[in-house]
Amino acid sequence: MSDKGEVDLTGAKQNTGVWLVKVPKYLSQQWAKATGRGEVGKLRICKNQGKAEVTVYTPG
């Protein structure tokens, strides 16, 4: 992905949260291959015994 691409932060204007996260290389590669508004994966965040767990699911 290009570092100079446009980013739509419209949601930020609607009082919704915006997260800045570092994504793993394999996920950024999937993201770069995506066409249009396709799904590249799902991010699941939950708490297990008070500690946050993050799981990434990618198709295929």
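Sorting 43-51, 29-37 by average packing, meaning the other beta carbons within 10 Å per residue, from highest down gives 29-37, 43-51. Every Cα-Cα pair in the stretch 18-57 was counted, and those over 11 Å apart are 71% of them. The phi torsions of the stretch 32-43, fed into the Karplus equation with coefficients 6.51, -1.76 and 1.60 and a -60° offset, translate into couplings of 5, 7, 5, 9, x, 9, x, 8, 9, x, 10, 10 Hz, rounded to whole numbers, with Gly and Pro shown as x.
Only the coordinates and a few stated rules stand behind these numbers; no lab work does. Because the structure is predicted, anything quoted here is derived from the model rather than measured. Virtual Cβ from ideal backbone geometry, glycine too; neighbours counted across all protein chains shown.
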